[in-house]
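Only one structure is covered here, and it is reproduced in the block below.
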Amino acid sequence: MKKLLSIVLAVLVTASLFAGCGQQQQQQSQQQQQQQEQPKKIETSVKIGLATDEGGKGDKSFNDAAIAGLDKIASEYTVEPVILESKQNDQYEPNLKNLASANDLVFAVGFKMQDALTKVAKAYPDKKFAIIDSVVELPNVESICFKEEEGSFLMGVIAAKTSQTGKIGFVGGSDMPLIQKFEAGFIAGVKSVNPEAAKDLENRKNVKYANSFSDINKGYELAKSLYNSGCDVIYHAAGGVGLGVFNAAKEMKKWAIGVDSDQALTVPDAKDVILCSMLKRVDVGTYSASKDTIENKFQGGKTLILGLKEDGVGVSPTVNPAVQQSTLDLANKYKEAIVNGTIVVPSTLDDVKKFQPVEIK
């Protein structure tokens with residue numbers, strides 16, 4: 001009996017060893033296969049840095065979109081981008097200086113950084129810089145701007161066709177020309193579909209500004225006041241403040257429209273109240289400038305302006321089922337009219353007042 005038990009144990013031990021070896025070989029084979037499937041990164045010595053504006057990382061909107069472009073470049077090249085967050089205006093210049101001292105290309109994300117970048121770019125003429133949403137006319141700076149009013153026009157069409165109350169709101173970050181481009185385009189879109197609904201946007205009764213791009217509570221308060229006044233759709237152009245707009249929409253079971261990123265994806269807990277988002281392809285800007293720098297094609301001294309025609313702005317891929325297909329079809333018809341020049345979307349509040357709607361069916 002003892003001899004039989006010894007033989008059985010020996011067989012079991014041997015079997016387990018073979019099983020262990022087989023499992024190890026299988027794991028090694030899987031790892032090798034995964035490594036083979038992953039494209040090999042292209043070697044480069046270029047170093048890239050980015051300074052955010054006050055919204056910082058995690059705004060699920062503007063800054064995160066800019067960073068996404070660098071994430072993409074890092075997946076293709078041996079680049080490890082350095083990200084510095086600027087929570088206050090007095091951090092802009094120091095952050096840009098720190099990045100310029102150690103990197104070949106430095107991004108300034110946001111129009112508020114224009115003055116700081118101008119100083120730093122002059123101090124580091126041998127380095128390359130790019131700024132989002134502003135123009136700095138220096139030979140070592142590439143300026144990347146967008147026709148926000150064009151994408152916002154489409155949001156206005158969708159809001160006006162989806163609203164049940166005929167009352168629509170807008171929440172902005174800072175009441176400045178750049179954010180007014182979002183406001184102006186949105187009003188023009190609403191005006192083209194439902195002129196009556198556009199009146200309280202034009203007179204700014206249904207327009208609120210947070211004077212911030214990061215105060216979530218302020219966004220919640222402003223949105224709640226608009227919803228309480230009868231608005232059932234709010235479009236925000238306010239960065240992190242928009243998270244508060246979504247919170248109010250969820251609480252009050254109303255609709256909201258996102259901005260910059262596909263916010264039904266970046267803010268998944270709010271996807272049920274987000275009709276759609278106005279994509280602003282900041283990621284395309286940061287990726288393109290990075291790739292150009294790596295390939296020695298950097299366009300210093302030039303300004304890139306990206307609109308509907310260039311696919312720099314547009315409607316997010318994720319659209320709530322509450323938006324009817326006929327509404328999306330209408331938005332696409334307006335897009336075609338804007339691209340071919342039939343409609344020139346106003347970019348200022350004064351131009352909105354002069355804007356004559358073009359009815360498309």
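Values quoted throughout were computed directly from the atomic coordinates according to the rules given, and no laboratory measurement underlies them. Given the structure is predicted, the values throughout are model-derived calculations rather than measurements. Virtual Cβ from ideal backbone geometry, glycine too; neighbours counted across all protein chains shown.
Cβ-Cβ distance of Lys199 and Lys41, R₀ of 51 Å, FRET efficiency by 1/(1 + (r/R0)^6): the value works out to about 0.40. If you take the square roots of the eigenvalues of the alpha-carbon gyration tensor of the range 48-146 and sort them as a ≥ b ≥ c, do you get rounded (a/c under 1.5), prolate (a/b over b/c) or oblate? Taking the square roots of the gyration eigenvalues as a ≥ b ≥ c, the range 48-146 is rounded. Highest average first, the peptides 239-245, 282-288 ordered by how many other beta carbon atoms sit within 10 Å of their residues are 239-245, 282-288. Amide H contacts for Gly312 (H built 1.01 Å from N in the peptide plane; partners 5 or more residues away or on another chain; cut-off under 5 Å): Gly307. Derived scalar couplings between HN and Hα for the range 128-138 equal 9, 9, 9, 10, 9, 6, 7, 10, 10, 8, 9 Hz in order, rounded to whole Hz, by the Karplus curve 6.51 cos²θ - 1.76 cosθ + 1.60 (θ = phi - 60°), x for Gly and Pro. Please label the shape of the range 223-361 as rounded, prolate or oblate, based on the square roots a ≥ b ≥ c of the eigenvalues of the alpha-carbon gyration tensor (a/c under 1.5 means rounded; beyond that, a/b larger than b/c means prolate, else oblate). Oblate, since a/c reaches 1.5 and b/c is not below a/b.
Paramagnetic label reach from Thr303 (point 7 Å along Cα→Cβ; backbone nitrogen cut-off under 17 Å): within the range 145-187, residues 145-150, 177-182. Estimated purely from DSSP H runs of n ≥ 4, each contributing -39500 (n - 2.57), the mean residue ellipticity at 222 nm for the chain is -15500 deg cm²/dmol once divided by its residues. Pairs from the list Lys167/Lys280; Lys199/Lys224; Lys60/Lys271 with a Cα-Cα gap above 22 Å: Lys167/Lys280. Normalised by the number of residues in the range 48-146, the average gap of Cα pairs under 8 Å and 6 or more apart makes the relative contact order 26 percent. The label-point distance for Asp175 and Val358, in a model that sets each label 7 Å from Cα toward Cβ, rounds to 3.2 nm. Of the peptides 119-129, 351-361, the order by per-residue mean of other Cβ atoms within 10 Å, starting with the highest, comes out as 119-129, 351-361. Packing, taken as the mean count of other beta carbons within 10 Å per residue, orders the peptides 186-197, 296-307, 338-349, 217-228 from highest to lowest as 186-197, 217-228, 338-349, 296-307. For the chain, relative contact order (Cα pairs under 8 Å, six or more residues apart, normalised by length) works out to 18 percent. The label point for Asn211 and the one for Asp329, both projected 7 Å from the Cα toward the Cβ, are 4.7 nm apart. Taken one residue at a time, the phi angles of the range 280-294 give Karplus couplings (6.51, -1.76, 1.60, θ = phi - 60°) of 10, 7, 4, 4, 5, x, 5, 5, 4, 5, 5, 4, 4, 5, 4 Hz. Gly and Pro are set to x. Of the residues Cys231, Cys145, Cys276, the one with the fewest other Cβ atoms within 10 Å heads the list, and the complete ranking is Cys145, Cys231, Cys276. How large is log10 of I(q)/I(0) for the chain at q = 0.06 Å⁻¹ when the intensity is taken from the Debye formula with one equal scatterer per alpha-carbon? The computed values of log10 I(q)/I(0) come out as -0.29. Report the FRET efficiency, 1/(1 + (r/R0)^6), for Leu138 and Gln88, where r is their Cβ-Cβ distance and R0 is 22 Å, rounded to 0.05. Calculated value: 0.35.
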